[in-house]
Each structure stands twice: as structure tokens, then as C-alpha cells.
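Step one of this worksheet: look at the structure below.
The values are calculated or read from the model by the stated rules, or taken from the named source; none is laboratory data. Since the structure is predicted, the reported quantities are computational estimates derived from the model, not experimental observations. Positions of Cβ are backbone-derived with ideal geometry, glycine not excepted, and every protein chain shown enters the neighbour counts. Keep in mind that these areas ignore ligands, DNA and RNA; they rest on the heavy atoms of the full protein, side chains included. Shrake-Rupley method; radii C 1.70, N 1.55, O 1.52, S 1.80 Å.
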Amino acid sequence: MITAIINQKGGVGKSSTAVHLAYWLKAQGKSVVLIDSDTQASSSMWLKSLGIPALVQSDPNELAENIPEMVKGYSYAVIDGAGGLSEATRVILYYANIALIPCQPTALDLVSSGSVVKLVKQAQRFRPDLIGATFINRAIPRTNLVRETQDALGNIEGIIHLETIIYQRQCIADSFGQGETVFSMGKDGEKSAQEYQNLFTEAIAL
């Protein structure tokens with residue numbers, strides 16, 4: 001299974017989600033590899049300290065040629081999508097089984113997410129088995145924007161909206177610098193770890 005984390009907007013938590021998903025899958029006893037298609041290559045750098053294989057490839061032509069070989073021998077592959085709606089993103093959607101779209105609960109992010117949703121729907125014309133799913137990421141608790149974003153994302157035809165919300169917490173921001181994930185941060189990461197577990201359980205069950 002290939003799960004791609006995509007969005008055209010930076011700062012929505014693509015890399016954090018990709019790394020935590022890869023780590024969670026490995027903790028479930030799955031064989032997993034991460035493909036980092038973002039030119040910043042932050043997720044692959046992060047995974048070096050976690051003992052999870054990561055491959056870096058941002059060139060769309062190379063991705064088109066090499067993704068089948070990159071994922072060979074692994075039960076699961078996680079792709080950290082390229083920034084923007086580049087040709088690399090289109091290539092990734094050609095291979096992905098699930099396209100996860102993180103969305104922050106802001107008006108700007110909703111507009112941005114609309115563009116990537118459109119791209120997923122275009123890919124679904126040729127790949128009807130491709131599953132697109134949105135989820136709210138980096139949310140601030142007890143705000144009207146969260147509820148409004150839930151309503152907006154839940155009304156997108158042909159795209160699943162996952163119920164789990166990932167709330168913004170310091171432990172997620174700190175995890176990259178510490179070379180860890182929230183799953184290994186004890187009590188400090190407990191709430192976020194449960195949210196990620198719920199999110200990934202939802203996503204893998206699609």
C-alpha cells in the first residue's frame with residue numbers, strides 16, 4: 001500500500017504526518033519505506049535517527065521510473081509529497097493508493113486545499129481506485145474555525161473526510177529537533193500519540 005501526504009501549501013504538517021505514519025506502521029510490525037519527494041528533504045533527515053529506510057527523489061521523471069522499484073519488498077510505502085502542485089505530485093498520484101490531505105483550519109488553507117482536491121479528482125478519472133481523504137491538522141482547540149472546516153471538508157464530493165483531528169501541541173513541534181516522534185516522548189506526547197494512532201487507523205482502514 002502506498003500512502004501519499006500531499007498539499008500545495010507549506011507548513012500544513014505534511015512531513016510530520018509522513019514521519020509519524022512511517023514510525024507507527026513500523027511499530028505495528030509492518031515493513032515500511034518513506035519516499036521523500038520534497039526538495040527540503042526534511043522527513044528523510046528526520047528518519048535517519050529512527051531506523052526507518054528513507055529514499056530521496058524529487059525529480060518527477062525519476063519518480064515515474066523508480067517508484068515501483070523503491071517500494072519493492074515493502075508492505076507499506078509513505079510518500080512525503082512535494083511542495084506545491086508540481087509534476088511530481090501528479091506522478092505520485094499515479095502510484096498512490098491513498099492520498100492524505102492535511103488541512104489547517106483557516107480560510108487560506110481551505111482555498112489551498114481546494115486546489116489539491118481538484119488534482120486528486122483529476123487523477124481519480126484515470127485511477128478510480130485512488131482514495132482521497134482530508135483531515136484537520138494543527139488545529140487550535142475549541143475554536144469555531146475547526147467546526148467550520150469540518151463542515152466544509154465533509155461536504156467535498158468524492159473525497160473522504162477523516163474524523164480524527166490533530167491538535168497543535170509543542171511536542172509535535174519539538175519532535176523533529178529531538179530526532180523522535182510523539183510516540184516515544186512519554187507523557188509529553190501522549191495526547192498527540194493517541195490522535196495520530198486514531199488518524200492512521202482510520203486512514204489504513206479506507
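Just a few scattered comments:
- The share of accessible area on segment 75-206 that comes from carbon and sulfur is 50 percent, using a 1.4 angstrom probe.
- Label point at Ser31 placed 7 Å out along Cα→Cβ; residues across segment 57-85 whose backbone nitrogen lies under 15 Å: 69-78
- Listed values for segment 24-29 are Karplus-derived 3J(HN,Hα) couplings in whole Hz (6.51 cos²θ - 1.76 cosθ + 1.60, θ = phi - 60°), namely 5, 4, 4, 5, 7, x, and x replaces Gly and Pro.
- Only protein heavy atoms count here; under a 1.4 Å probe, Thr3 has an accessible surface of about 10 Å².
- Asp38, Asp151, ranked by accessible area, largest first (probe 1.4 Å): Asp151, Asp38
- Normalised by 2.2 N^0.38 Å, where N counts its residues, the alpha-carbon radius of gyration of segment 67-154 equals 1.20.
- Entry comment: accessible area of the chain is 47 Å² per residue, from protein heavy atoms only and a probe of 1.4 Å.
- Normalised contact order of segment 150-197, rounded percent, pairs of Cα under 8 Å and 6 or more residues apart: 31 percent
- Segment Ala41-Gln194, extension gain: residue separation times 0.36 nm, minus the distance between their alpha carbons: 52.4 nm
- Protein-only accessible surface order, largest first, of Tyr74, Tyr196 at 1.4 Å: Tyr74, Tyr196
- Solvent-accessible surface (1.4 Å probe) assigned to Leu145 amounts to roughly 80 Å².
- Note on segment 78-206: percent of Cα-Cα distances in each 10 Å bin, starting at 0 and stopping at the bin with the largest distance, equals 12, 40, 36, 12, 0.
- Spatially close Lys pairs in the chain, defined by Cα atoms under 26 Å apart and a spacing of eight or more places or different chains, total 23.
- Working note: 222 nm ellipticity from helices only, DSSP H runs with n ≥ 4, each -39,500 (n - 2.57), summed and divided by the residues of the chain, gives -14500 deg cm²/dmol to the nearest 500.
- The value of relative contact order for the chain, using C-alpha pairs under 8 Å at least six residues apart, is 23 percent.
- Accessible-area ranking of Glu195, Glu163, Glu148, Glu202, largest first, probe 1.4 Å: Glu163, Glu148, Glu202, Glu195
- Within the full protein context, the accessible area of Arg169 is estimated at about 70 Å² for a probe radius of 1.4 Å.
- Spatial separation of Cα centroids for segment 166-183 and segment 19-80, in angstrom: 19 Å
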